[in-house]
Amino acid sequence: MTNHLAILAKPLAFLVRDFKIAASYRLQFVMQSFGIILTTFSFFLISKMIGGQHISQLEPYGGDYFSFVLIGIALTDYLTISTNSFAAEIRSAQMVGTLESLLVTPTSIYTILLSSFLYKLLSTSLRMVFYLLLGVFVFGIEYQTGGVFTLAVTFLLTLLSFFGLGLFSAAFIIVFKQGNPISSLMAMSSGLLGGVIYPVTVLPDWLRPLSSILPITHGLEAMRQVLLNGAGLEDISRQLYILTLLSILFMGIGCGSIYYSLKIAKKEGSLLHY
């Protein structure tokens, strides 16, 4: 029991720290809530504008654009924080001069990064729930609620892929200090090719192969099938298989890049540089 508590103590300490920092900026909560409402209402108006049209690309998702896009922007929130948070934590530690102090403790860099991500994960999850609840109670969307386990598996595999990309971004910051091209590249490519705002079936044929290597493409497809069509594990097995492979690939790249970036920084003596 003592060992289990000791393992949880460090993540909880990071969680409490980040909560206290966020709570000291109460206006931020208000602005985030207002932003969610404004974004949701904007897409609702767009959906009303095209609501009378028959759009064949939306048929696999029930034909309703608003429910389609709401799931897209909710999951994009996770992509953004996953690819930004780890790099931001490293950059902050570099700027205040605590990075080397953290690394000489018995705590691994992976524990530090994942622990620093806990609060952002929880707050983003609350925002996602807020998006979905707005859709249900304010705008009348009807989601399928029978596939909770299937949805959880899909979400976990998608999030693991995002984690790997986030670790890769953090490794870039460790070595090069400034700039985060991984995050920017993923945000742009996912927004353009990942099926966030429109189905990937509207993309030109030559772009679709690029779309298929993005985890958000398969994560969104699976989540929409579950939430909008009541799909089960067998129905989305192809997406889950691809997400599993991408999770293994990106987590391997992310963890490996962190290891080698620290090795390079220690060799060059640049951990204290910013």
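Nothing in this text is a laboratory measurement; each read-out follows from the coordinates by a stated rule. Remember, it's a predicted structure, so these values are computed and weren't measured experimentally. Quick reminder, even Gly has a Cβ in these numbers, built from the backbone with ideal geometry, and neighbours come from all protein chains shown.
Before moving on, here are some points about what is shown:
- With the charge dipole of segment 138-274 set up from +1 on Lys and Arg Cβ and -1 on Asp and Glu Cβ about the Cα centre, the Cα lying farthest toward the positive end among the listed residues L192, Y260, L246 is that of Y260.
- Footprinting exposure proxy for D235, D205 (fewest neighbouring C-beta atoms within 10 Å first): D205, D235
- Segment 151-274: C-alpha gyration tensor shape, a/c 1.5 cut-off, then a/b vs b/c: prolate
- Computed from Cα atoms, the angle from the helix 215-229 axis to the main principal axis of the chain rounds to 40 degrees.
- Neighbour net charge for I21 - beta-carbon separation under 15 angstrom, K R +1, D E -1: +2
- For the chain, the longest principal axis of the alpha carbon atoms and the long axis of helix 181-193 meet at an angle near 10°.
- Note on segment 2-268: dipole from Cβ charges, positive end direction compared against I112, I81, M223; the farthest Cα belongs to I112.
- Local electrostatic count at L79 - Lys and Arg +1, Asp and Glu -1, tallied over other residues with Cβ under 15 Å: 0
- The dipole here belongs to the chain: it is taken about the Cα centre, uses +1 on the Cβ of Lys and Arg and -1 on the Cβ of Asp and Glu, and is about 860 debye.
- The listed peptides 133-145, 63-75, 159-171, 22-34, ordered by packing as a protection proxy, come out as 159-171, 63-75, 133-145, 22-34 (highest mean of other Cβ atoms within 10 Å first).
- Listed values (i) 52, 47, 43; (ii) 57, 50, 36; (iii) 62, 43, 39 include one computed from this model; for Cα extents along the principal axes in Å that value carries the label (iii).
- Between T201 and S92, the contour length at 0.36 nm per residue exceeds the Cα-Cα span by 35.2 nm.
- Only lysines eight or more places from K177 in sequence, or on another chain, were considered; those with a Cα closer than 30 Å are K10, K20, K120, K263, K266, K267.
- Helix 65-96 and the longest principal axis of the Cα set of the chain meet at an angle near 10°.
- Dipole moment magnitude, nearest 20 debye, segment 40-199 about Cα centre, only Lys, Arg, Asp, Glu C-beta charged: 280 debye
- Considering helices alone, the calculated mean residue ellipticity of the chain at 222 nm is -26000 deg cm²/dmol, with DSSP H runs of length four and up weighted by -39500 (n - 2.57) and normalised per residue.
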